[in-house]
Structures are given as structure tokens and as C-alpha cells.
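Bear in mind that the values in this text are calculations on the coordinates, not laboratory data. Every value quoted in this text rests on a predicted model; they were computed, and no experiment measured them. Positions of Cβ are backbone-derived with ideal geometry, glycine not excepted, and every protein chain shown enters the neighbour counts.
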């Protein structure tokens, strides 16, 4: 049984993730020089965001799965039971309000101006 006091998820989230993303950014930027890529700045940015984004997604999913694993081992429930509990909770949540379909249904963009003043009477 895992130790519920384990800090591996915190270490990954707050120490390893920033370091890995920093290293991935450095490698993505230096790859242009190392491999003699002649890319435009937009292509370089896309390359950089692709690498950093994919590494960030993998780390996020690992931390999420580790959390589910720790919860299931600590509570004694298996992961399928936890998924069932979460889906039941999500089904019972109220639906989010929808955006108005026409401007007349929503709030005005700006408050109405005061009515015009009555002309002075002589």
C-alpha cells in the first residue's frame, strides 16, 4: 500500500515540471542553431510550443493518474469505483447557463443614457 504522505506528486509538479519545461524550451530554441534549421520566427515559435505543450500534457496526465492511484489506494476503492463516483457527481451538477442568443436577451453593453432634459420654458 502506498504511503499517503508521499510527496512524489508535489516534487513532480513544483520542481521537476518547471525544470523539464525550461530544458525543453532551451533545446527547442537551440535546435535551430544545432541542426541548422532555417525557420521563420513563427515556425520556431510553433516548434517551441509544440514541444513544451506536449511535455506539459504528459506531465499533467502523469500527475492526474498518480492522484487517482493515491486516492484509490488510500480509500481502498479501485479506480473504476472512483470513476463511477466522479461521473455520478458530474451528472448531478446543474447545467451551466447558456449565453444569450440575441443582444436583446442579454444585458446591455453600456448603461442607458439619461433621458434628454426638457427644454426650458419661458
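Worth pointing out:
- Kirkwood-Stokes translational diffusion coefficient of the range 14-92, alpha-carbon pairs, 37 °C, 0.692 mPa s, µm²/s: 214 µm²/s
- Short-range pairs are left out: with C-alpha atoms under 8 Å and at least six residues apart, the relative contact order of the range 14-92 is 26 percent.
- Efficiency of FRET between residue 46 and residue 19 - r from beta-carbon atoms, R0 30 angstrom, step 0.05: 0.80
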